[in-house]
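Since the structure comes first, as structure tokens, the remarks are kept for the end.
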Amino acid sequence: MANRTVPAEALKEGSVILIKGKLAFSRLAQRIDGQALADSVARQRAQNVLYPTIVPYTTVTLTDVEVLFADPSAPTPEETFVLESTYLSKSGDNAGKTCYSIDNTGNSLPPVLELTGENNSYTQVILDKDLATGLDVKLVLNVFKPREHIKRGIGIAQVLVDEAIKYYASGVDINALAARGIIVTGGIQAVPDAPAAAPAASAPNNTVIHDGLPMPGPAPVAQPVTAAVAAPAAVAQAAPVAPAAPAAEVETTEQKAARLEAELTALRAAQANSGSASPFDDAPVEQAAGITYQG
């Protein structure tokens with residue numbers, strides 16, 4: 001980065017700056033947040049960045065950067081400030097290239113527009129994933145006044161894609177495939193695992209739960225069998241069936257009373273013949289159904 005000739009305090013709020021280049025890296029489909037933000041802060045501090053971005057943000061890095069001056073003979077202070085913010089990459093695939101990086105904070109994502117016709121006609125596109133590297137893009141930058149700093153800041157107002165939009169493919173960049181003669185249209189999406197199929201009714205009656213112990217699973221559903229099909233198998237396999245015993249006859253109260261009376265009379269007669277006294281003399285007889293029988 002060149003020595004500053006324009007301080008950030010001198011920038012005019014609302015000023016617009018245009019730059020163009022090739023997309024080297026971007027996160028525009030969603031903000032960097034959560035664990036990714038924590039990792040980013042740790043990485044910036046390890047690199048001795050003076051003011052690391054500590055709030056959720058989007059980011060863009062361009063290579064082969066060119067500032068599009070409104071009047072090349074008289075650059076504005078804001079255009080000069082952005083030009084002096086470019087840097088020469090010293091390593092990696094972009095070594096020796098002029099680069100520009102910007103982190104964009106705020107509660108909304110920068111609008112992305114795609115070139116769709118002649119005369120610089122663009123149409124907004126809602127990204128469902130991040131853009132592929134290597135795309136020709138322009139950044140529309142604006143100057144704003146941060147709440148907590150005296151210095152002015154630079155933000156991304158729009159991202160203009162100057163060719164058909166391509167998306168970043170996880171694993172292998174589609175541009176790397178294109179270099180080998182493989183053209184991917186429409187981008188590549190990650191494919192989630194297919195949901196597990198429901199267990200069949202005939203599956204073993206044993207299910208594994210989260211603690212690794214078996215537990216009873218659902219029992220198979222019994223299927224109805226018609227008599228016409230079941231009868232032949234039953235006749236071939238079943239043993240001869242004995243005739244059922246007649247049901248025991250139930251003794252009525254009157255019958256029980258008559259039986260007890262007859263038994264008592266017979267007992268008394270036997271005792272009279274033997275000359276012994278009856279143990280039932282002067283004793284009440286069994287009561288049944290609320291009726292008292294006496295000798």
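The simple spin-label model puts a point 7 Å past each Cα toward its Cβ; for ARG259 and LEU68 those points are separated by 11.6 nm.
Electrostatic tally near GLU13: other residues with Cβ closer than 9 Å to its Cβ, Lys and Arg +1, Asp and Glu -1, net +3.
Residues whose amide H lies under 5 Å from that of LEU11, counting only those 5 or more places away or on a different chain, are ARG152; hydrogens are built 1.01 Å from N in the peptide plane.
Taking a point 7 Å out from the Cα of THR98 in the direction of its Cβ, the residues of the stretch 108-142 whose backbone N falls within less than 16 Å of it are 137-139.
Under 5 Å between amide hydrogens, built in the peptide plane, is the criterion, and for LEU135 it picks out LEU23 among residues at least 5 positions away or on other chains.
Site pair LYS20 and SER89 shows an inter-label distance of 2.0 nm when each label is modelled 7 Å from Cα along Cα→Cβ. Ranked for footprinting exposure by Cβ neighbours inside 10 Å, fewest first, ILE150, ILE19, ILE32 give ILE150, ILE32, ILE19.
For the stretch 22-167, the dipole from Cβ point charges (+1 on Lys and Arg, -1 on Asp and Glu) about the Cα centre works out to 620 debye, to the nearest 20. Amide H to amide H, with H built 1.01 Å from N, TYR122 comes under 5 Å of THR116, counting only residues 5 or more places away or on other chains. Exposure proxy shown here: for LEU260, LEU131, LEU83, the number of other Cβ atoms within 10 Å sets the order, fewest to most, as LEU260, LEU83, LEU131.
With neighbours defined as other Cβ atoms within 10 Å of a residue's Cβ, the residues GLU84, GLU263 order from fewest to most as GLU263, GLU84.
Each residue of the stretch 58-66 was assigned a 3J(HN,Hα) from its phi angle through the Karplus expression (A = 6.51, B = -1.76, C = 1.60, θ = phi - 60°), giving 10, 8, 9, 10, 10, 10, 6, 6, 9 Hz with x at Gly and Pro. If R0 equals 22 Å, the separation of the Cβ atoms of VAL41 and HIS149 corresponds to a calculated FRET efficiency of about 0.75. Simple spin-label estimate for TYR51 and ILE165 gives 3.1 nm between the two label positions (7 Å along the Cα-to-Cβ direction from each Cα). Distance from the C-alpha centroid of the stretch 1-49 to that of the stretch 57-78: 13 Å, rounded to the whole angstrom. Bridge orientation summary for the stretch 8-179: considering DSSP beta bridges with both residues in this region, about 95 percent are antiparallel.
Taking other residues whose beta carbon is less than 15 angstrom from the beta carbon of ALA29, and scoring Lys, Arg as +1 and Asp, Glu as -1, yields 0.
Taken together, the values in this text are just the output of simple stated rules run on the coordinates, not laboratory data. This is a predicted model, so every value here is computed, not measured. Using ideal geometry, Cβ is built from the backbone for each residue, glycine included, and neighbour counts are taken over all protein chains shown.
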